[in-house]
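Q: Quick one: the structure is below, questions incoming.
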Amino acid sequence: MATTSAHAAAPGGGDAAAPCRGARLRPRPPPHRLAFLSRAPARRASISLPPGLRRAGLAAAAAEGRTGTGMEEEEEEGPAWVELEPIGGEDQLDRALAEAQQRGVPIVVLWTASWCRKCIYLKPKLEKLAAEYYPRIRFYCVDVNAVPQKLVNRAGVTKMPSIQMWSSSQKQAEVIGGHESWMVIEDVRRMVEQEE
């Protein structure tokens, strides 16, 4: 009984039956450029400098008599975001409260957990809000899984995320972040404005 293979049955010696084997594939053409991804070229280059260097650049330009550096029209800006300072225990919280009491300003404390998705989403937004009040009001972050339960009980944290305003070593106000993050940020902003 004779068996015939697909290679033997194909005309031309079997190469046409398996186009992937041995055949060279043409390279894929580059993807088309999308209009919204392409940017128009900038008319002039600008460099963002920290406030200290910006002042130094203006002073150097004024000393040399140069004008038109592009720095004169910019007003001094603060940072875009400020990292929340971590608190790892009761002694750190007490130090932060004592420092705030000496300065006569409140502090804002975010009580968070590593497993809390809303906490993870809210933290960068609070860092941007902290930049608006920097350096007057300091924002701190406490991971409830990394501190003693005594500290969590002292703060009265029952739900995550919890954003608290502390002044004179006592909790003054609290926002529970159970809804949309932009609403939580607005509630925290109102809480800070009322305390100031």
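The values are calculated or read from the model by the stated rules, or taken from the named source; none is laboratory data. Computed from a prediction, not measured in an experiment: that's the story for all the values here. Backbone-built Cβ (ideal geometry, glycine too); neighbour counts: all protein chains shown. Keep in mind that these areas ignore ligands, DNA and RNA; they rest on the heavy atoms of the full protein, side chains included. Shrake-Rupley method; radii C 1.70, N 1.55, O 1.52, S 1.80 Å.
Q: Using a 1.4 Å probe over the heavy atoms of the protein chains, calculate the carbon and sulfur portion of the accessible area of the range 77-196 as a whole percent. Spell out each step's value before the answer.
A: Values: 3280 of 6670 Å².
Summing carbon and sulfur atoms, their accessible area is 49 percent of the total for the range 77-196.
Q: First measure r as the distance between the Cβ atoms of residue 159 and residue 128, then evaluate 1/(1 + (r/R0)^6) with R0 = 25 Å and state the FRET efficiency to the nearest 0.05.
A: On the way: r = 23 Å, r/R0 = 0.91.
With a Förster radius of 25 Å, E is 0.65.
Q: For the range 85-194, what is the accessible area per residue in Å² when the probe is 1.4 Å?
A: On the way: 5890 Å² over 110 residues.
Ligands and nucleic acids excluded, the figure is 54 Å² per residue.
Q: Sorted by accessible area with a 1.4 angstrom probe, largest first, how do 187, 91 fall? Spell out each step's value before the answer.
A: On the way: 187 45, 91 90 Å².
Most to least solvent-accessible, the answer reads 91, 187.
Q: Which distance in nm do the two modelled labels at residue 176 and residue 101 give, with both placed 7 Å along the Cα-to-Cβ direction?
A: The two pseudo-label positions are separated by 2.9 nm.
Q: For the range 104-149, run through the trypsin sites (Lys or Arg not before Pro) and keep only the ones in DSSP coil with at most 12 other Cβ atoms within 10 Å of their Cβ. Working shown, then result.
A: Details: sites: 117, 118, 125, 128, 136, 138; in loops: 136.
Sparse-neighbourhood loop trypsin sites (Lys or Arg not before Pro): 136.
Q: What is the antiparallel percent of DSSP beta bridges lying wholly in the range 85-194, to the nearest 5?
A: Numbers: 11 of 20 bridges.
For the range 85-194, the DSSP antiparallel bridge percentage is about 55.
Q: Please give the FRET efficiency for residue 150 paired with residue 195, using the beta carbon to beta carbon distance and R0 = 22 Å, rounded to the nearest 0.05. Don't skip to the answer; put the middle values down first.
A: Working: r = 26 Å, r/R0 = 1.18.
About 0.25, to the nearest 0.05.
Q: Still on this structure, I have one more. Using 0.36 nm per residue of separation minus the Cα-Cα distance, give me the extension gain between residue 120 and residue 81 in nm, one decimal. Show your work: numbers first, answer last.
A: Numbers: separation 39, 0.36 × 39 = 14.04 nm, distance 1.57 nm.
Gain on extension, residue 120 to residue 81, equals 12.5 nm.
Q: Continuing with this model, one more query. With equal scatterers on the alpha carbons only and no solvent term, can you work out the Debye log10 of I(q)/I(0) for the range 85-194 at 0.14, 0.15, 0.24 1/Å?
A: Normalising to I(0) and taking log10 leaves -0.49, -0.56, -1.56.
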